[in-house]
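**Q** Got a structure here, written out as structure tokens. Questions coming.
The values are calculated or read from the model by the stated rules, or taken from the named source; none is laboratory data. Source: prediction; values computed, not measured. Heads up, the Cβs are rebuilt from the backbone with ideal geometry, glycines too, and the neighbour counts pull from every protein chain shown. Please note that ligands, DNA and RNA were not included when accessible areas were found on the heavy atoms of the full protein model with its side chains. Shrake-Rupley method; radii C 1.70, N 1.55, O 1.52, S 1.80 Å.
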Amino acid sequence: MSATTIITDTHTHLYSEEFDQDRDEMIQRAITAGVTRFFIPAIDAAATQSMYELEKNYPENVFLMMGLHPTYVKDNYLEELQHVETELAKRKFYAVGEIGIDLYWDKTHLTEQQFAFRKQIQLAKHYKLPIVIHCREAFDEIFEILEEEKSEDLFGIFHCFTGTHEQALQALTYNMKLGIGGVATFKNGKIDQFLKEIDLKHIVLETDSPYLAPIPYRGKRNESSYIVNVVAKLADIYDVSEEEIAAITTQNSKDVFGI
């Protein structure tokens, strides 16, 4: 790729403790690789301070979201939602995320997860912000709420999309882009089989680092610079240049986040 290519990582947990030993070097590696825009999802109140520090250190590159991650919806979820509401009222964020429903780890808090998801969608609409959805073994439950909340001002990204072709098409009906990362490079990832049938205008790139590293790093710590492996895979799938993948997906990220 050319030196002027800009790649956007629409979902990276740069504040994760897995980067505590080499965070600055890791971010520098990404910037050197052309990844100059990092969108940072929130998980719970405990992560907020580290996110603010990241933004202070990389004001040109780091853009923050605010939200309560579904696997962090516990008995204190109302307190956590109050934190989300307070922060959103205080300052500028670029999305409400990552929010959604996760039935892979824990089904006992489904009702609370549904409440938190709906509440945060409504906050996003109030602030005219996109939502960034975390969905794990919960497509039906998520689609049900999106269907009820469907409106002009509901839009965003289905982060780490791993559903079927049908589910992809349904996600698009709610003004969602599909966040594509390392899974697209996996032999058993499945989405690579139908991705070409989804227009590139609906796709954004992400790493979800430190999770879900692409081939050839699968099973290791993921980092934002590895997004170039996802770019290469998509160039292959869509039969276009890597520059074109980078340009279109970055433009799509601008359309969603407004920056």
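**Q** Going residue by residue through the range 153-165, is there one that turns out to be modelled with pLDDT of 95 or more, of a type in the set (Asp, Glu) and under 25 Å from Lys90 (Cα atoms)?
**A** yes
**Q** Here is a list of conditions, (1) touching a residue at least 40 places away in the same chain (Cβ under 8 Å); (2) exposed (fewer than 15 other Cβ atoms within 10 Å of the Cβ); (3) within 16 Å of Phe158 (Cβ to Cβ), and Asp199 meets all of them except one; can you say which number that is?
**A** (1)
**Q** Just the residues that are of a type in the set (Ser, Thr, Tyr) and either open to solvent by less than 10 Å² (accessible area, probe 1.4 Å) or in contact with a helix residue (DSSP H, G or I) (Cβ under 7 Å, 6 or more places away or on another chain) (or both), please, taken from the range 73-92. If you could, list the steps in order and put the result at the bottom.
**A** Pass one, the range 73-92, residues of a type in the set (Ser, Thr, Tyr): 77, 86.
Selection gives Tyr77 alone.
**Q** Scan the range 146-158 and report the pairs whose first residue is in contact (Cβ under 8 Å) with a residue 40 or more places away in the chain and whose second residue is basic (Lys, Arg), with Cβ atoms within less than 7 Å and a gap of 6+ or a chain change.
**A** As it stands, the answer is Ile157/Lys177, since those pairs meet every condition given.
**Q** Another question, then. Considering only the range 213-259, state which residues are within 16 Å of Phe39 (Cβ to Cβ) and open to solvent by 60 Å² or more (accessible area, probe 1.4 Å).
**A** If the condition is that a residue be within 16 Å of Phe39 (Cβ to Cβ) and open to solvent by 60 Å² or more (accessible area, probe 1.4 Å), then Gln251, Lys254, Asp255, Gly258, Ile259 are the ones that fit.
**Q** List every residue pair whose Cβ atoms sit under 6 Å apart, with the two residues 6 or more apart in sequence or on different chains, where the first one lies in the range 118-139 and is in contact (Cβ under 8 Å) with a residue 24 or more places away in the chain and the second, anywhere, is part of a loop (DSSP other than H, G, I, E, B) and of a type in the set (Ser, Thr, Tyr).
**A** The qualifying pairs are Arg136/Tyr104; Glu137/Tyr104.
**Q** Within the range 207-220, identify whether any single residue is more than 27 Å from Tyr127 (Cβ to Cβ) and assigned to a helix (DSSP H, G or I), and answer yes or no. Even if it seems obvious, please write down each step before you answer.
**A** To start, the set of residues in the range 207-220 that are more than 27 Å from Tyr127 (Cβ to Cβ) comprises 210-220.
When the remaining residues are screened for being assigned to a helix (DSSP H, G or I), the result is none.
No, because not a single residue in the range 207-220 is more than 27 Å from Tyr127 (Cβ to Cβ) and assigned to a helix (DSSP H, G or I).
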